[in-house]
1. Considering only residues that are assigned to a helix (DSSP H, G or I) and in contact with a strand residue (DSSP E or B) (Cβ under 7 Å, 6 or more places away or on another chain), look in segment 188-199 and name the one that is nearest to TRP121 (Cα to Cα).
2. Which count do you get for residues in segment 254-281 that are open to solvent by less than 70 Å² (accessible area, probe 1.4 Å), touching a helix residue (DSSP H, G or I) at 6+ places or on another chain (Cβ under 7 Å) and either of a type in the set (S, T, N, Q) or over 23 Å from THR372 (Cα atoms) (or both)?
3. So which of GLU373, GLU385 is touching a residue at least 12 places away in the same chain (Cβ under 8 Å) and either more than 7 Å from the ligand (Cβ to nearest atom) or in contact with a helix residue (DSSP H, G or I) (Cβ under 9 Å, 6 or more places away or on another chain) (or both)?
4. Please give the number of the condition HIS403 fails out of (1) open to solvent by 60 Å² or more (accessible area, probe 1.4 Å); (2) touching a Cys at 6+ places or on another chain (Cβ under 9 Å).
5. LEU314: near the ligand (Cβ under 8 Å from one of its atoms), in the same structural domain as PHE419 (by TED's automatic domain parsing) and on the phi < 0 side of the Ramachandran plot, yes or no?
6. Out of ILE361, ILE303, which single residue is buried (at least 19 other Cβ atoms within 10 Å of the Cβ), within 24 Å of ALA394 (Cβ to Cβ) and among the β-branched types (Val, Ile, Thr)?
7. State all residues of segment 222-240 that are open to solvent by 70 Å² or more (accessible area, probe 1.4 Å) and among the β-branched types (Val, Ile, Thr); if no residue qualifies, say none.
Amino acid sequence: MTGPWRRETWRLAGVLAGSLFAGILVGQPVWGLLLGVGAYFGWHLWNVALLDAWLRGERSGRQMPDPGGIWGEVFLRIRALQKRNRKRKKKLTRMLERFRLSTNAIPDPTVVLDGANRIEWWNQAAAELLDLSHPHDVGQKITNLIRYPDFVAWLDGEHFDQPLEIPAPVDSRVTLSIRVVPYAKNQRLLVAQDVSRIRLVEQMRRDFIANVSHELRTPLTVIQGYLESLIDADDECSRRWRRELHNMEQQSARMATLVSDLLLLSRLETEGQATDHSPVDVPALLQMLLEDLQALSQGRHHISLEADRDLWLLGDREELRSAFSNLAYNAVHYTPEGGQIRLSWHADAEGAYFEVEDTGIGIDAPHIPRLTERFYRVDVGRSREIGGTGLGLAIVKHVLVRHRGELWISSEPGKGSRFTCAFPASRIVRQEEGREPVDGGGQPPPVTEP
Ligand code: ADP
């Protein structure tokens with residue numbers, strides 16, 4: 001038993017003994033005892049009332065009563081507790097203030113949303129760029145304030161692995177890249193980043209490449225023309241320089257391919273998502289590609305094509321031809337003599353797939369994620385030797401982006417590679433047997449064996 005409780009027990013014992021003694025003196029011991037217990041109980045009640053009054057008036061700085069005994073101890077402890085709480089509150093308030101200042105110092109607009117996308121809090125940058133005002137917008141659904149259909153669909157879709165770019169509500173020239181990070185239970189942090197400068201620099205880079213390529217095309221055509229005339233001339237001079245002239249013609253042809261690839265790439269980049277797509281007879285397109293491949297391979301490879309002849313695709317025929325031929329030509333270029341090359345075109349419930357599989361040199365795993373970067377080559381020397389530009393797979397990627405497709409690559413060095421163009425099922429157009437093709441102009445291809 002602690003000191004105050006021991007003293008309180010003695011006090012109670014004293015009161016009981018005193019009141020019993022007084023009762024005996026007047027010949028009423030029971031009444032004396034009852035009176036003593038009543039007085040003791042009354043004293044406690046009085047102290048409870050004191051405590052209550054003090055706690056009520058505590059905010060207005062009311063003096064703490066000191067009734068002594070166990071109650072004095074209780075008052076002291078409560079006061080110590082209050083002091084501790086006050087200190088904690090101050091610390092918390094200082095922390096909150098520091099947090100508020102630091103979040104306001106973040107240059108990126110940041111908004112806290114609840115599970116139903118209602119706004120709970122935002123920083124200064126969000127107030128400025130997203131046009132939020134306090135307290136009017138607290139509790140509002142963010143989609144009531146930012147009404148771009150893409151943004152509303154993206155937020156409702158709940159797939160936040162990729163950021164979304166939208167114009168800033170206050171200034172459409174500012175491009176914001178929006179990310180949403182779910183945290184805690186049903187809380188989301190929406191962070192926007194001003195990417196206008198990055199987009200501007202990208203646009204300048206695209207324009208520059210497109211302009212340079214455009215400017216190079218005319219002089220290159222002139223040079224090629226003169227070279228051809230010189231080669232055809234069959235006079236003393238051209239006979240003497242034949243080897244050099246052929247070399248020059250080859251190099252200028254390479255440069256022309258590079259320029260046209262660059263132009264195609266910048267066109268694909270600038271045009272974004274294409275909307276004017278029509279059904280493309282992919283089987284017919286692949287049949288033509290097969291013939292080109294056989295001409296390129298000149299019998300050095302076993303080439304086969306398996307195509308679902310009713311499977312057409314909503315898209316741009318020229319772009320698809322360019323993407324498919326880039327993959328197929330690569331298979332010929334990077335497969336040694338005697339190797340197998342298999343083209344296939346099929347569909348399942350999820351989508352349609354164009355696959356090029358070869359038994360060629362293969363690619364080491366670390367290179368695979370970088371293959372679709374412009375000018376990225378595993379072996380620069382080899383790529384140059386076969387007349388590659390290093391732009392083929394970048395073109396494939398952009399064509400697929402424009403068709404809402406994806407490029408899957410799997411490869412093993414020394415064993416071969418598989419490149420798959422996967423298109424969403426929504427792009428599939430099924431042709432009934434015997435119906436005339438509406439695009440591509442080719443006949444349905446037979447399944448070709450090696
Ligand atoms: P390139 O014009 O050099 O072929 P691409 O963009 O078409 O450029 O391909 C990039 C690189 O990917 C190539 O340089 C090559 O190293 C590698 N590559 C592409 N296809 C294959 C393949 N079927 N087998 C092995 N390597 C390949």
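The values are calculated or read from the model by the stated rules, or taken from the named source; none is laboratory data. Because the structure is predicted, anything quoted here is derived from the model rather than measured. Cβ coordinates were reconstructed from backbone atoms using ideal geometry, including for glycine residues, and neighbour counts include every protein chain displayed. Note: areas computed on protein heavy atoms with side chains; ligands, DNA, RNA excluded. Shrake-Rupley method; radii C 1.70, N 1.55, O 1.52, S 1.80 Å.
1. Within segment 188-199, the subset assigned to a helix (DSSP H, G or I) is 196-199.
Then keep just the ones that are in contact with a strand residue (DSSP E or B) (Cβ under 7 Å, 6 or more places away or on another chain); that gives 196, 199.
On the way: SER196: 25, ARG199: 29 Å.
Across segment 188-199, the extreme among qualifying residues is SER196.
2. Our first condition is that a residue be open to solvent by less than 70 Å² (accessible area, probe 1.4 Å); within segment 254-281, this holds for 256-266, 268-269, 272, 274, 277-281.
Those left that are additionally touching a helix residue (DSSP H, G or I) at 6+ places or on another chain (Cβ under 7 Å): 256, 259, 261-266, 268-269, 274, 280.
When the remaining residues are screened for being either of a type in the set (S, T, N, Q) or over 23 Å from THR372 (Cα atoms) (or both), the result is 266, 280.
So the answer is 2.
3. Details: GLU385 fails: touching a residue at least 12 places away in the same chain (Cβ under 8 Å).
When all the criteria are applied, what remains is GLU373.
4. That leaves (1) as the condition not met.
5. When the stated conditions are applied, LEU314 does not pass them.
6. ILE361
7. Matches in segment 222-240: VAL222, ILE223.
This table checks each residue for (1) within 26 Å of GLU128 (Cα to Cα); (2) open to solvent by less than 50 Å² (accessible area, probe 1.4 Å); (3) of a type in the set (A, V, I, L, M); (4) modelled with pLDDT under 90.
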site: THR175; (1), (2), (3), (4): yes, yes, no, no
site: LEU189; (1), (2), (3), (4): yes, no, yes, no
site: LEU200; (1), (2), (3), (4): yes, no, yes, no
site: LEU220; (1), (2), (3), (4): no, yes, yes, no
